[in-house]
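One structure is given here, and the rest of the page talks about it.
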Amino acid sequence: MGRVTCTAVPLDPSFVGRSYPPTAAYQVGREKIREFADAIGDDDPVFRDREAARAAGHSDVIAPPTFAIVVAMSSWHVLIDDPELGLDYSRMVHADQSFRHHRSIGVGDVLSTTVHVDGIRTAAGNDILTVRCEIADAERNPVSTAGSTLVVRGTSEQEGSA
């Protein structure tokens, strides 16, 4: 076994506590909801049919609960594009995801996201980044909180085989 030195730069732990300004608006459309429901294999009519959604107490088609990941991931560019953080997207893997919904996401919602860096730690030669995305509607009312754990592989020197 030899010593392997990685060229990736570790993430700066001083970023913990940093928040970024709200992202540009994301408009939720009927077709995006249908495509997402198709992708996850959920045929619930409230995700496709306005009348079924109304019968269930909604004003229009709603999105599956995990649709919030579409909005959250579209906001990650603020982290990826921040040269001071130094996140190498090619080394990043999505390790964990959680959602806390304040209400359903539906057709016509105009959503923006405020990204918060809640944690950065190193484990087994990797940086582990904990991110919280606060998703709000056009009136800034909370819609969903998406928590993500991202692993940036090989960011510190480690022992391994050459």
- Message: Give all pairs with beta carbons closer than 7 Å in which a residue from segment 84-111 that is over 13 Å from T130 (Cβ atoms) meets a residue that is basic (K, R); count only pairs at least 6 apart in sequence or on separate chains.
- Response: R91/R153; V93/R153; V107/R30
- First in segment 18-32 and closer than 13 Å to E134 by Cα and touching a residue at least 12 places away in the same chain (Cβ under 8 Å), second anywhere and outside any strand (DSSP E or B) and of a type in the set (G, A, S), Cβ under 7 Å, 6 or more apart: T23/S75
- Does at least one position in segment 132-149 carry a residue that is touching a strand residue (DSSP E or B) at 6+ places or on another chain (Cβ under 9 Å), modelled with pLDDT of 95 or more, farther than 27 Å from R30 by Cβ and surrounded by 18 or more Cβ atoms within 10 Å (Cβ to Cβ)? yes
- Restricting the search to segment 70-94, which residues are surrounded by 15 or more Cβ atoms within 10 Å (Cβ to Cβ) and farther than 21 Å from P21 by Cβ? D88, R91, M92
- Item | Count of segment 107-131 residues which are surrounded by 19 or more Cβ atoms within 10 Å (Cβ to Cβ) and either aliphatic (A, V, I, L, M) or closer than 18 Å to Y89 by Cα (or both) | 9
- Task: Restricting attention to segment 82-109, report how many residues are assigned to a loop (DSSP other than H, G, I, E, B), in contact with a strand residue (DSSP E or B) (Cβ under 8 Å, 6 or more places away or on another chain) and charged (D, E, K, R).
- Result: 3
- Query: Between a first residue in segment 114-127 that is under 11 Å from T149 (Cα atoms) and a second residue that is among the small types (G, A, S) and at pLDDT 95 or above, which pairs have beta carbons less than 7 Å apart while being 6 or more apart in sequence or on different chains?
  - Reply: V117/G17
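The values are calculated or read from the model by the stated rules, or taken from the named source; none is laboratory data. Predicted model, so just to flag it, every value in this text is computed and none were measured. With ideal geometry, Cβ positions are generated from the backbone for all residues, glycine too; neighbour counts draw on all protein chains shown.
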